[in-house]
Amino acid sequence: MATDVAVLEHGVVEEKHANASACCKTGPGYATPLEAMSGPREALIYVTCVYSGTGIEKPDYLATVDIDPSSPTYSKVIHRLPVPYVGDELHHTGWNSCSSCHGDPSADRRFLILPSLVSGRIYVIDTKTNPKAPSLHKVVEPEDISQKTGLAYPHTSHCLASGDIMVSCLGDKHGNAAGNGFLLLDSKFNVKGRWEKPGHSPLFGYDFWYQPRHKTMISSSWGAPAAFTKGFNPQHVADGLYGRHLHVYSWPGGELRQTLDLGSTGLLPLEIRFLHDPSKDTGFVGCALTSNMVRFFKTQDGSWSHEVAISVKPLKVQNWILPEMPGLITDFLISLDDRFLYFVNWLHGDVRQYNIEDPKNPVLTGQVWVGGLIQKGSPIVAEGEDGKTFQFDVPEIQGNKLRAGPQMIQLSLDGKRLYVTNSLFSTWDRQFYPDIVEKGSHMLQIDVETQKGGLKLNPNFFVDFSGEPDGPSLAHEMRYPGGDCTSDIWT
């Protein structure tokens, strides 16, 4: 019998049993990940779009993009919801309710949660009244969060079966990593406090994922906001201002049970995902700087361990800031049937597909170049072991040269379409891909072969953010109105 446990405050929990009389299968999302794969085809997608850090003094906004091939506005932005303030840096998003609440008939997937990474505000967006034209419901002010919890720089949000919303925060208001932790909002989006117990905050904050059947939550590590908001400086890694650890917590108790040091092979572990099957005790984390996919897993004694599952070798390059260029794995996801893993190399410019039916031995099954620093026409060239230089062929889409590199990805429920944006974080965009700040982002769609594997760019899909009404914008995370493989967790 599955048991959902709702966090009320530090160390106090409320249990909700899956077969309780109050719970029938009328809540949001789907009963299982495999059931979700049979859900309706996506017709809309919400995209966070950023002006912060670009020199355009306009508010960031949430774009609604039409992704219905039968629609006359296919691959067009059909609505823009600007937030009230300038300088937020909208980044990641989550839901007030998802498949973790599927057994609760009172739960409703209505509100999209938009944390602002730089300002610390959290916007609550009503997507149900008019899915094509979302509206602002509430603003959680950074002063309220900081005063009650000491937290700032909010990043990842996940809904909990209790109705609460949990948000990872990367530091305190001064940008110190030592102040990071996990914020709890109640179902009305009021600040409740911290999720973790006092003295159990992680070394660094970034992403997190929970697996209730194993009573475990694991979080990852980016770095100190005071460092990463100024751009990437390799010296900051040597100075200990970036992370290389995973933090293993009791769920839902909030006790830090174990810290996994990934060492020199696991620098900047960013996105983290368990397998979707809630009975599984393994998952992956993408380590950006060392460009390794690290698998974590439970051992026989109940502790957790890790190993490098996929390694992307750095390329020897000419005419760049360093003699070697890492791939820089900045995002990845897992198909809902746990068969395929997809990740991006933001600097190299490729998107990869791996079969992970044997999680210990991933097999490369698809790869496509959609940008990057080493594409033909770039001043930067890679050098092979034989000393010969080379560059990658990157196609144009509808006459458009592809800018920057693949960054955020989102997969259709059936696993057959992968959507790609190309902005990481405005300061880092300006540092590594200044043209994207001047010309704006774009969004692509890749067709996925789901039997034997394979990736192919869709030439009929191209969302160009260069001509937005207030000027070129930076497009980051994507969400479907009905949930997806990076928002929903099963219990």
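The values are calculated or read from the model by the stated rules, or taken from the named source; none is laboratory data. Worth saying up front: this structure is predicted, and the values here are computed from it rather than measured. No Cβ is skipped: glycine too gets one built from the backbone with ideal geometry, and neighbour counts run over all protein chains shown. Heavy atoms of the whole protein, side chains included, go into the accessibility calculation; ligands, DNA and RNA do not. Shrake-Rupley method; radii C 1.70, N 1.55, O 1.52, S 1.80 Å.
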Reported to the nearest 10 Å², T421 has, with a 1.4 Å probe, an accessible area equal to 0 Å²
Tell me, in nm to one decimal, what length is gained between E449 and E396 on full extension, where the rule is 0.36 nm per residue of separation less the Cα-Cα distance? 16.9 nm
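Take the alpha-carbon positions of the chain, form their convex hull, and give its projected area averaged over all directions (one quarter of the hull surface) in nm².
Mean projected area for the chain: 21.5 nm², to one decimal.
Carbon and sulfur atoms: what percent of the 1.4 Å accessible area of the stretch 111-228 do they account for?
Answer for the stretch 111-228 is 50 percent, counting heavy atoms of protein chains only.
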First select every other residue whose beta carbon is under 11 angstrom from the beta carbon of A309; then total the charges, Lys and Arg +1, Asp and Glu -1. 0
Please go through the residue pairs K376/K456; K58/K138; K128/K401 and name each one whose alpha carbons sit more than 26 Å apart in this structure. K128/K401
For the stretch 398-491, report the translational diffusion coefficient in µm²/s to the nearest whole number, using Stokes-Einstein at 20 °C, 1.002 mPa s, and a Kirkwood Rh over Cα pairs. 149 µm²/s
Give me the dipole magnitude in Debye, nearest 20, for the chain about the Cα centre, with unit charges on the beta carbon: positive for Lys and Arg, negative for Asp and Glu. 140 debye
Approximate shape of the stretch 134-196 as ellipsoid semi-axes (Cα gyration tensor, √5λ), whole Å, largest first: 19, 13, 10
If I model a spin label at S279 and N130 as a point 7 Å from the Cα along the Cα→Cβ vector, what separation in nanometres do I get? 4.6 nm
Average the reciprocal distances over every distinct pair of alpha-carbons in the stretch 232-309, invert the result, and give the Kirkwood radius in Å. 13.4 Å
Need one number: nm distance between label points at K215 and K416, each 7 Å from Cα along Cα→Cβ, rounded to one decimal. 4.3 nm
Using the Cβ atoms and a cut-off under 12 Å, what net charge is assigned to the surroundings of P134, where Lys and Arg are +1 and Asp and Glu are -1? +4
Given the stretch 151-286, what whole percent of its Cα pairs are spread farther than 21 Å? 38 percent
Report the FRET efficiency, 1/(1 + (r/R0)^6), for D239 and S187, where r is their Cβ-Cβ distance and R0 is 45 Å, rounded to 0.05. 0.65
Mind checking which aspartates and glutamates have their C-alpha under 17 Å from K230, skipping anything on the same chain fewer than 8 residues away? D88, E89, D172, D239, D429
Could you work out how far the C-alpha centroid of the stretch 154-169 sits from that of the stretch 251-291, in angstrom? 17 Å
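Taking the mean number of other Cβ atoms within 10 Å as a proxy for protection, how do you rank 296-307, 263-274 from highest to lowest? Before the final figure, lay out each step's value.
On the way: 296-307: 13.1, 263-274: 20.6.
Ranking the peptides 296-307, 263-274 by packing returns 263-274, 296-307.
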Solvent-accessible area of W95, probe 1.4 Å, all protein chains present, reported in Å² to the nearest ten, please. 0 Å²
Skip the ligands, DNA and RNA, and give the accessible area per residue of the chain with a 1.4 Å probe, whole Å². 37 Å²
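Given the -39500 (n - 2.57) contribution per DSSP H run of 4+ residues, what per-residue ellipticity at 222 nm results for the chain, rounded to the nearest 500 deg cm²/dmol?
So the calculated ellipticity at 222 nm is -1500 deg cm²/dmol.
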Can you pull the percent of the stretch 368-491's accessible area that's carbon plus sulfur, 1.4 Å probe, other chains left in place? 49 percent
Which order do the peptides 206-212, 149-155 come out in when sorted by mean C-beta neighbours inside 10 angstrom, highest first? 149-155, 206-212
